Structure formats: structure tokens, C-alpha cells
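Here is the structure we will look at, set down as C-alpha cells.
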Amino acid sequence: MVRVRPTLLAVSTLALCLSAACGYSEEEMQAERDRVSQLQKALTALEGKHQDLQDRFKNVSGENAAMTERLRQMGMSVEDSKRSMAEQNKLIEELRAKERQAQARLATFRNMLERFQAMINSGKLRVRIVRNRMVVELAENILFDSGKSDLKPEGQTALTEVATVLASIKDRDFQIAGHTDNKPIKSKKYPSNWELSTARAVTVTRYLGANGVDGARLSAAGYAETQPVASNDDDAGRAQNRRIEIVLMPNLDELPDLSALASN
């Protein structure tokens, strides 16, 4: 820009001289002077804008250089910084996905709790959260006679109500778990509490499957006396331990990703 202005002035001066030599009138000469003045003002404005852009460029370059130096001192390059930012964004999105899953799971829990409220109030069952899973618990005396695995009429009525609720919960699996107290049983049909607890779980599973719950979403397990919820030192505690649990199982996308542990 420093070289342009003298050139413009020289051309303008030459134009004025030629105009004078060619016999232009004073009015025409004044018009030329005004035009030259306008060009000079426009040039000055352009030079100011150019200088402003140069100053801004220097500031940005300085900031970039300072950022690069800070990254270097931290042992990182610009590419490392970009990669770190991408990893942070990925982590944020994963956390958001987990939050959405948690909210959906909570909504399912609340829905089931509301549907079971009448049975809870009547004492037919209770609902607990165990290891972040919803567990619907039915006492043994409602479902079975002592030492048996055949459903009582009262138990069938209760399980029919339970089946209606479970059938309405979509995309969820349920595990039916049988539990006993620590008093050993030994009979021709049930050599131990393992066989009794498993037989009861299978009985409940089959009944639910026959009353509207998709059998592919059901599984059965017997735990005998290994998972008590109360002390086995008195009758009240042992009564609590003799129970059937219906466990709402987590979906696959709620489980941790263990693919990194797979062998190549």
C-alpha cells in the first residue's frame, strides 16, 4: 500500500498538468481536483482497513502461538488437543445415553409400581430395589403349602394379576427366583431345598407363561437358602425368606461393554 499512493498522486498530477495544457477551463480543472481528492480519501480509508486487518491477523497469530506453546508445555500438540476434545465429546454423549437409559428404566419401575399398588396394599406382594433391579416378591404362604410346589388357588389368583402387569411391560425379561429358609428338607421328591426352590420357580414361570406373559421372556432359578432377606433365627424371619421373587432383568444396552476383554 505504501507504493500505491505515490503512483496514484503522480498519475493525478500528470492528469492535471495535461488538462491544463490541453486548455481545460477552470471549472473542469476543479472537477479533476475534486476527483483526485476523492480518490485520495478512498485510498486513505482502504489503507486504514488494511492496517486494521493486519493488526487483527497479528493478534490471532499471537493467540495461536501462545496456545500452541501452552500445549507444548503440557506435552500436547494441536492434534492431541483435537483428539482429546473428540474423546471428551464422545464421553459426554455416552453419559447422555446412560442418562436416557436410566430415565427410561425409572419410568418402567414407576409404571410397574403403580400397577402393583393394589396388590401391595392388600399384602399379596411387596416391591424392592435390589442391586439396581426391581424385584417383585410374593410370600410362600400365598403361593404354596409347606414343602410343596403346587400352586394354591389363592396363589393362582395372585399370579393372574401379576401376569397381567408383566405382559404389559414391553422389551423386558423376567427371572423367577425361588428361595427357602435354612431348614433342610429331604423327601423322595425334593432331596434338598435346592430342588424345592427350583421346582417352585419353574411352577410360577409356567403359570405366568400360560397366562399372557411371553415364555421367551421368562427364566427360572432356584437359590435354596443362600440369599436370605431376614434372619433364620426365628419364625418371622424364616417366613420372609420363603419367597418367590420376580426380577426385572436389565436390557443388553444397560449392561457394561465388555467387548474389549474378548480375545483376538
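Quick note: the coordinates plus some simple rules give every number you see, no bench work behind them. Only a predicted model underlies this, so the values are computations on that prediction, with no experimental measurement involved. Virtual Cβ from ideal backbone geometry, glycine too; neighbours counted across all protein chains shown.
Odds and ends about this structure:
- Whole-Hz Karplus values for the range 174-189 come out as 10, 10, 9, 10, x, 9, 10, 7, 8, 6, x, 10, 8, 9, 5, 7 Hz, taken residue by residue from phi with 6.51 cos²θ - 1.76 cosθ + 1.60 and θ = phi - 60°; glycine and proline positions read x.
- Simple spin-label estimate for V130 and N251 gives 2.4 nm between the two label positions (7 Å along the Cα-to-Cβ direction from each Cα).
- Each of the peptides 91-98, 220-227, 118-125 was scored by the mean count of other Cβ atoms within 10 Å over its residues; in descending order, highest first, they stand as 220-227, 118-125, 91-98.
- Calculated from backbone phi, Karplus (6.51, -1.76, 1.60) coupling profile of the range 129-143 in Hz, x at Gly/Pro: 10, 10, 6, 6, 10, 7, 10, 9, 10, 10, 6, 4, 5, 7, 9
- Ranked by the mean number of other Cβ atoms within 10 Å of their residues, highest first, the peptides 242-248, 61-67 come out as 242-248, 61-67.
- Across the range 33-38, rounded Karplus estimates of 3J(HN,Hα) from the backbone phi angles (6.51 cos²θ - 1.76 cosθ + 1.60, θ = phi - 60°) give 4, 4, 5, 5, 5, 5 Hz, Gly and Pro being marked x.
- Above-threshold pairs, the threshold being 27 Å between Cα atoms, out of K148/K170; K152/K188; K90/K170: K148/K170; K90/K170
- Local electrostatic count, P228, Cβ distance below 15 Å [Lys/Arg +1, Asp/Glu -1]: -3
- For the range 107-252, a simple Cβ point-charge model (Lys and Arg +1, Asp and Glu -1, everything else neutral) yields a dipole of about 200 debye relative to the Cα centre.
- Scanning residues 5 or more positions from L218 or on other chains, those with amide H under 5 Å from its amide H are F174, with H placed 1.01 Å from N in the peptide plane.
- Burial order of peptide ranges 166-175, 44-53, 140-149 (average beta-carbon count within 10 Å, highest first): 140-149, 166-175, 44-53
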